[in-house]
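*Asks:* The structure under discussion is supplied below as structure tokens; questions concerning it will follow.
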Amino acid sequence: MHEVSKQTIETAQKHAQKSIEHSKEIQELGKSLETDDQIEPEQKERIEAYGESM
């Protein structure tokens with residue numbers, strides 16, 4: 001059986017946490033664009049959906 005080192009687990013956990021933080025930032029960006037008239041509503045929704053899918 002293959003064992004995973006403690007360092008590999010910690011690295012994976014840090015990577016997952018960074019991904020969660022990045023996802024939240026993208027969602028916030030999409031929400032902040034809701035008041036921007038230069039960006040189409042569909043684009044705003046796509047940005048927010050991308051953040052949610054992460």
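The values are calculated or read from the model by the stated rules, or taken from the named source; none is laboratory data. These figures come from a predicted structure and were not determined experimentally. Neighbour counts are summed over all protein chains in view; Cβ atoms, including those assigned to glycine, are modelled from backbone coordinates with ideal geometry. Each accessible area value is taken on the protein alone, full model and side chains, heavy atoms only, with ligands, DNA and RNA left out. Shrake-Rupley method; radii C 1.70, N 1.55, O 1.52, S 1.80 Å.
*Asks:* When you check LYS18 against the structure, is it modelled with pLDDT of 90 or more, open to solvent by 100 Å² or more (accessible area, probe 1.4 Å), assigned to a helix (DSSP H, G or I) and of a type in the set (Lys, Arg), yes or no?
*Replies:* The answer is yes for LYS18.
*Asks:* Within the stretch 35-44, can you find the residues that are modelled with pLDDT under 80 and either part of a helix (DSSP H, G or I) or of a type in the set (Ser, Thr, Tyr) (or both)?
*Replies:* Answer for the stretch 35-44, where residues must be modelled with pLDDT under 80 and either part of a helix (DSSP H, G or I) or of a type in the set (Ser, Thr, Tyr) (or both): THR35, PRO41, LYS44.
*Asks:* Consider SER32 carefully, then state whether it is touching a Ser or Thr at 6+ places or on another chain (Cβ under 9 Å), polar (S, T, N, Q) and either open to solvent by 90 Å² or more (accessible area, probe 1.4 Å) or assigned to a helix (DSSP H, G or I) (or both).
*Replies:* no
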